[in-house]
Amino acid sequence: MSHDHNHLPSEIRHEKPLWWALGLTSAYLLVEIIGAFMTNSLALLSDAAHMATDALGLMIALTAVRLSRRPPDARRTYGYVRLEALGAVTNGLLLFGLGLYILWEAAQRFQQPQAIASSGMVWVAVFGLIVNLIAMRLLSAGSGESLNVKGAYLEVWSDMLGSLAVIAGGLVIHFTGWTLVDPILAVLIGLWVVPRTWVLLRDALNVLLEGVPKGMALADIEQALQQHAEVAGIHDLHVWALGSSTPALTAHVVLAEGGEPEALRRALAQMLHDRFGIEHVTLQVEAEHCGDACAVHGPPAGHDGHDHKHDHDHDHDH
């Protein structure tokens, strides 16, 4: 078997910019949380939740490239890639809780508006805008080559827009005294964060429940397998994901008459790699059989029903 299952990359590109972006984002997240309570700005706290999703996206990207380096061991034959999904579920639940708190607090402030330290609110948001622009610059080079980096870049880009919204809100409060703009911005940012958090949770749970990976259709994969001239049938087809970007497949392939099992296995594995990006492939090639017709003719000659029942029970006990 010449197919190489050692998928450890020799070089992880663009990892250093991801670390820098994560450091900047995490530092500003702490500043924004402290600033939100010091200025009494719910919009800043809501934007901090948005920033938390960015930091989570960066951590997931780094987790993906880091864990791809760690080989499986005797206890974890698939390695540690599931930790990515577990971390995403945990953080997603925390973000949902924070989002509900922000929406509840905003409802209270609509009824009883509170004083906002608008100058501090603007300065914290300006600092966040600078951090986001630096992070975007760091990630821009790799956004066209890596899906992980591209996702992180889009996260930071969207948070930059959130910083601009908070700056605008702070200026409105400073010059007009209309403090209701703060809970309005908080609700708008919260409504932006919650759907993204749900998508994150949905994708992570799909990995943990061994669902078909995002962007793949089981029917398309089965059809591609069936199209090979030496395939007489496909059954027990399973497609799942070890992590967000590590799909795996197992299937039983019924060999057509005159086919060569090993050549067919290699051809199908290569096709699945080229067309669907599936590298973890396990195919059981079987000789063509009579299928349900076997049950119609009953047990083989020379065996009555009593003997068949006895043999089955004996094997089961053994």
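Do we find a residue being among the β-branched types (Val, Ile, Thr), modelled with pLDDT of 80 or more and assigned to a helix (DSSP H, G or I) anywhere in region 34-50? Looking for residues that are among the β-branched types (Val, Ile, Thr), modelled with pLDDT of 80 or more and assigned to a helix (DSSP H, G or I), one finds at least one in region 34-50, hence yes.
Among the conditions (1) in a loop (DSSP other than H, G, I, E, B); (2) at pLDDT below 85; (3) among the polar types (S, T, N, Q), SER163 misses just one, which is (1). Of all the criteria given as (1) crowded, with 17+ Cβ neighbours inside 10 Å; (2) more than 25 Å from ALA135 (Cα to Cα); (3) β-branched (Val, Ile, Thr), the one not satisfied by THR77 is (1).
Selection of region 212-234 for residues being open to solvent by 20 Å² or more (accessible area, probe 1.4 Å), touching a strand residue (DSSP E or B) at 6+ places or on another chain (Cβ under 9 Å) and under 30 Å from PRO71 (Cβ atoms) yields VAL212, LYS214, MET216, LEU218. One residue alone among VAL199, VAL207, VAL156, VAL194 is surrounded by 22 or more Cβ atoms within 10 Å (Cβ to Cβ), under 21 Å from the mean Cα position of the chain (by Cα) and modelled with pLDDT under 85, and that residue is VAL156.
Condition first: surrounded by 21 or more Cβ atoms within 10 Å (Cβ to Cβ), charged (D, E, K, R) and within 25 Å of MET121 (Cβ to Cβ). Can you find one or more residues in region 171-184 that meet it? Yes, that holds for at least one residue.
Among the residues of region 104-120, those identified as surrounded by fewer than 17 Cβ atoms within 10 Å (Cβ to Cβ) and either among the aliphatic types (A, V, I, L, M) or outside any helix (DSSP H, G or I) (or both) are ALA107, GLN112, PRO113, GLN114, ALA115.
Would you point out which residue out of LEU264, LEU242, LEU237 is open to solvent by less than 40 Å² (accessible area, probe 1.4 Å) and over 14 Å from LEU283 (Cβ atoms)? Outline the logic, then answer.
On the way: LEU264 fails: over 14 Å from LEU283 (Cβ atoms); LEU237 fails: over 14 Å from LEU283 (Cβ atoms).
Being open to solvent by less than 40 Å² (accessible area, probe 1.4 Å) and over 14 Å from LEU283 (Cβ atoms) holds for just one of LEU264, LEU242, LEU237, which is LEU242.
For SER26, the stated conditions hold: it is farther than 30 Å from PHE175 by Cα, small (Gly, Ala, Ser) and open to solvent by less than 50 Å² (accessible area, probe 1.4 Å).
The values are calculated or read from the model by the stated rules, or taken from the named source; none is laboratory data. None of the values given here were measured: they were computed from a predicted structure. Every residue, glycine among them, receives a Cβ derived from its backbone with ideal geometry; neighbour counts consider all protein chains shown. Note: areas computed on protein heavy atoms with side chains; ligands, DNA, RNA excluded. Shrake-Rupley method; radii C 1.70, N 1.55, O 1.52, S 1.80 Å.
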